[in-house]
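Let me begin by presenting the structure, written as structure tokens, before commenting on it.
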Amino acid sequence: MQRNSKNIGQLEEQAYEKVAAELADNTRKEGLWAKALSVCEGDEVKCKALYISYRAQQILEELQPQAEPNQSNSLSSASAADQKTILYSVIGVTLVGLLVFFSFSNSIKELIGGRYLVNNDGTVTDIQTNITWQRCSVGQTWTGETCAGEATRFKWYDAIQLSKDGWRLPTVDELDTLVFCGSGHRMPSIRPNGQFVSEANGFCKGDYVRPTINQLYFPNTPENAFWSSTPGPYGSDGGWYVGFGSGVVVYGASYFNYKVRLVRAEQ
């Protein structure tokens, strides 16, 4: 039993060494990072510690595929406090990993609501739906702090043709998730059987701020309509759109000129 414990300890050291090497190379597993964000309650040190623990456990399972369950789960079964103790105790490797982790551009303070992971390339990832949005409207440019320039208008068929390299026009349901009513009050936003219902068009109510989108994540968004890829009801020649001046979700003719924000699914 002592030999098994020793072997486990050596494998754990190897696992943490590999995590430290990944972090030094600025490599991160987005799925594990999202998992850590979902439970760390905004505590920056805890978020990073949990990520390293999750990744080390993943590597340990790869190094020890034949281990008994009670051995291979030695990290995942530990409490958060125990995990942090392990992190700071294994030959200083994890401490190095934590310090390197601070070089990641993603900041916990940018994760308001625990939903959007702010990336360093002008995109944000919705960890609830696992899709990534461009922070800027098509036609604008991400400066590192905001979206500069004017958004381009497109007819519906032209907007659909913008799909490239995994980026595409969002569905109406995806686009609808971006609506933010500062008043905290909004009409229901549903389209039963793909049909329009005036009493459920998603219009923001009360004293709300325009544009009706979280500008922390999507700065300089125009108060205009944005196309979705979802065709309109009744066999109409056009598609659904979301108006970010009021949060309304309706449909328009294909020749209308509206703006576009692209999205892609994470693997």
- Message: Just to be sure I understand, how many residues within region 142-159 are under 11 Å from VAL260 (Cβ atoms) and surrounded by fewer than 18 Cβ atoms within 10 Å (Cβ to Cβ)?
- Response: 3
- What are the residue pairs meeting all of these: first residue in region 17-34, first residue within 10 Å of ILE52 (Cβ to Cβ), second residue among the small types (Gly, Ala, Ser), Cβ atoms under 7 Å, and 6 or more apart or on different chains? VAL19/ALA56; VAL19/GLY97; ALA20/GLY97; LEU23/GLY97
- Tell me which residues, restricted to region 217-267, are out of contact with any helix residue (DSSP H, G or I) (no Cβ under 8 Å at 6 or more places or on another chain) and basic (Lys, Arg). LYS259, ARG264
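Return yes when THR94 is outside the structural domain of ALA21 (by TED's automatic domain parsing) and either at pLDDT 85 or above or crowded, with 19+ Cβ neighbours inside 10 Å (or both) and no when it is not.
Details: outside the structural domain of ALA21 (by TED's automatic domain parsing): no; either at pLDDT 85 or above or crowded, with 19+ Cβ neighbours inside 10 Å (or both): yes.
So THR94 does not fit the description; no.
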- With respect to PHE244, is the statement that it is over 19 Å from CYS136 (Cβ atoms) and aromatic (Phe, Trp, Tyr) true? no
- Residue match in region 241-249 (condition: touching a Ser or Thr at 6+ places or on another chain (Cβ under 7 Å), of a type in the set (S, T, N, Q) and in the same structural domain as GLU174 (by TED's automatic domain parsing)): yes
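Does VAL179 fit the bill of being at pLDDT 95 or above, among the hydrophobic types (A, V, I, L, M, F, W, C) and under 24 Å from the mean Cα position of the chain (by Cα)?
Numbers: at pLDDT 95 or above: yes; among the hydrophobic types (A, V, I, L, M, F, W, C): yes; under 24 Å from the mean Cα position of the chain (by Cα): yes.
The answer is yes for VAL179.
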- Task: Being in contact with an Asp or Glu (Cβ under 9 Å, 6 or more places away or on another chain) and under 22 Å from ASN257 (Cβ atoms) is the filter here, so list the residues in region 189-212 that pass it.
- Result: GLY202, ARG210, PRO211, THR212
- Task: Would you check which residues across region 207-250 are surrounded by fewer than 17 Cβ atoms within 10 Å (Cβ to Cβ) and of a type in the set (A, V, I, L, M) and list them?
- Result: VAL209, LEU216
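For region 189-225, give me each residue that is without any contact (Cβ under 8 Å) to a residue 12 or more places away in the chain and out of contact with any Ser or Thr (no Cβ under 8 Å at 6 or more places or on another chain). Walk me through it before giving the result.
We begin by selecting, within region 189-225, every residue without any contact (Cβ under 8 Å) to a residue 12 or more places away in the chain; these are 190, 192-193, 197-198, 215.
Hits for region 189-225 are ILE190, PRO192, ASN193, VAL197, SER198.
Before we move on, is TYR234 hydroxyl-bearing (Ser, Thr, Tyr), closer than 22 Å to PRO192 by Cβ, touching a residue at least 12 places away in the same chain (Cβ under 8 Å) and touching a Gly at 6+ places or on another chain (Cβ under 6 Å)?
Values: hydroxyl-bearing (Ser, Thr, Tyr): yes; closer than 22 Å to PRO192 by Cβ: yes; touching a residue at least 12 places away in the same chain (Cβ under 8 Å): yes; touching a Gly at 6+ places or on another chain (Cβ under 6 Å): no.
So TYR234 fails the test.
The values are calculated or read from the model by the stated rules, or taken from the named source; none is laboratory data. This is a predicted model, so every value here is computed, not measured. So basically every Cβ, Gly included, is an ideal-geometry build from the backbone, and we count neighbours across all protein chains shown.
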